[in-house]
Amino acid sequence: MLMSRQKAEYESRVARGSGHCCSTTSSSVRSQRYRTGLEQRNRELQSEIKDMHWKLGQQRKQHSLVEMKMRNAERAKEDAERRNEMLQREMEEFFETFGEINKWK
């Protein structure tokens, strides 16, 4: 949007400047310099945008990796809790059985 507005301003300046008979050369040089400056700025901004897109992609990858690690940690925690519960039940069964064996002796 900004580039199209700047281009329109540039073209209107060039069109207005072409009607002057005496300052055509200096106006043309100024217009060329202005255009060159805009083109340089455009390249700089495009490079900056490209860099920002790359950084955004890296952040998205990192975010996905962190989410995956969190899901894995949650699953590992749930698995550990299930194993602990199962071990607790097995221990209770063992002591009940062991206790009954000792009663028979």
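The values are calculated or read from the model by the stated rules, or taken from the named source; none is laboratory data. As the structure is a computational prediction, the values presented were derived from the model and not from experiment. Note: ideal-geometry Cβ built from the backbone for every residue, glycine included; neighbour counts use all protein chains shown. These accessible areas exclude ligands, DNA and RNA; they are computed on the full protein's heavy atoms, side chains included. Shrake-Rupley method; radii C 1.70, N 1.55, O 1.52, S 1.80 Å.
Quick look at the numbers
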| read-out | value |
| --- | --- |
| Set SER27, SER31, SER64: member being in contact with a Gly (Cβ under 6 Å, 6 or more places away or on another chain), open to solvent by less than 80 Å² (accessible area, probe 1.4 Å), without any contact (Cβ under 8 Å) to a residue 24 or more places away in the chain and assigned to a helix (DSSP H, G or I) | SER27 |
| Residue count, region 33-82 (criterion: over 23 Å from the mean Cα position of the chain (by Cα) and of a type in the set (Lys, Arg)) | 6 |
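Residue by residue, here is whether (1) free of Cβ contacts under 8 Å to residues at least 12 places away in the same chain; (2) open to solvent by 70 Å² or more (accessible area, probe 1.4 Å); (3) farther than 30 Å from ARG13 by Cα holds:
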| site | (1), (2), (3) |
| --- | --- |
| ARG35 | no, yes, no |
| GLU48 | yes, yes, no |
| TRP54 | yes, yes, yes |
| MET70 | yes, yes, yes |
| LYS77 | yes, yes, yes |
| ALA80 | yes, no, yes |
| ASN84 | yes, yes, yes |
| GLN88 | yes, yes, yes |
| PHE95 | yes, yes, yes |
